[in-house]
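Heads up, the thing below is written out as structure tokens.
Derivation of every value follows stated rules applied to the coordinates shown; laboratory data play no part. Keep in mind that what you see is a predicted model, and the values were worked out from it rather than measured. With ideal geometry, Cβ positions are generated from the backbone for all residues, glycine too; neighbour counts draw on all protein chains shown.
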Amino acid sequence: MGVTRRDFLRLSGAAFMTTAIYELTAQSSALAVEMDQEWKLVNVDETSTICCYCSGGCGTIVSARDGELVNIEGDVDHPINRGGLCSKGSSQFGVNSVYDDKTGDRIINPNRLQKPKVRRAGATDWEEISWEQAIDEIAARIKKTRDENYEAELDGVTVNRCEAIASFGAAALDNEEAYIVQKLGRGLGLTYIEHQARI
């Protein structure tokens with residue numbers, strides 16, 4: 001039995017109409033959800049921001065309800081990542097919050113450090129200190145190391161350098177923070193200045 005062009009168009013039209021009618025009359029899977037269930041992103045304030053994990057600059061949308069983080073997802077309108085996030089970017093929410101295995105409630109991550117800790121020379125335990133104390137101790141050690149190892153001249157040539165300290169930028173720094181770290185390092189006379197993104 002041969003199929004003419006007219007028969008082919010008639011069969012194609014019938015197949016299309018059958019599929020369209022089925023799709024329009026079939027029950028949607030969305031209707032299976034209980035209507036009294038509260039949606040995750042109802043009544044939230046959404047803010048566009050940039051992922052904090054590297055210098056790639058991927059866009060994210062952060063959702064908060066009553067000042068509490070509810071969700072982080074990729075921004076589909078962002079030109080760099082177009083809604084996609086790498087494994088680090090996708091795990092940002094877990095840095096702040098986790099779900100309790102027993103109750104299923106969202107709680108602040110108990111493993112997240114809230115204050116700086118230091119382990120003194122010879123000690124086996126970490127000591128919790130304030131941010132002010134941590135900054136003061138770091139600044140004092142940097143000044144002491146720089147003062148002890150600063151070279152103004154070498155063989156009659158001005159060098160103004162300190163080779164006892166190195167600076168290594170982290171992927172969590174944005175461009176502005178990396179610029180400030182670079183300027184601080186140069187101001188201290190450091191010659192060993194590197195950044196994770198370049199390596």
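Annotations
- Note on the chain: with charges restricted to the Cβ of Lys and Arg (+1) and Asp and Glu (-1), its dipole about the Cα centre is near 720 debye.
- Compared with the rule-of-thumb size 2.2 N^0.38 Å for a compact globular protein, segment 45-108 has a Cα radius of gyration ratio of 1.17.
- Across 12, 167, 48, mean-square fluctuation computed from a Gaussian network of the chain (C-alpha pairs under 10 Å connected) peaks at 12.
- Compared with the direct C-alpha span, the chain from residue 127 to residue 100 gains 7.0 nm at full extension, assuming 0.36 nm per residue.
- Choice from 121, 164, 152 with maximal GNM fluctuation in the chain (Cα, 10 Å cutoff): 121
- Per residue, the chain reaches -10000 deg cm²/dmol at 222 nm when only DSSP H runs of four or more residues are counted, each adding -39500 (n - 2.57).
- Listed from fewest to most Cβ neighbours within 10 Å, the set 100, 155 follows the order 155, 100.
- The C-alpha atoms of the chain occupy a region whose extents along the principal axes are 100, 49, 30 Å, arranged from largest to smallest.
- Set of aspartates and glutamates near residue 117 by C-alpha distance (under 15 Å), chain-local residues within fewer than 8 positions excluded: 125, 127, 128, 132, 136, 137
- Unsatisfied cross-links (Cα-Cα over 24 Å) in the set 88/143; 143/183; 115/183; 40/115: 88/143; 115/183; 40/115
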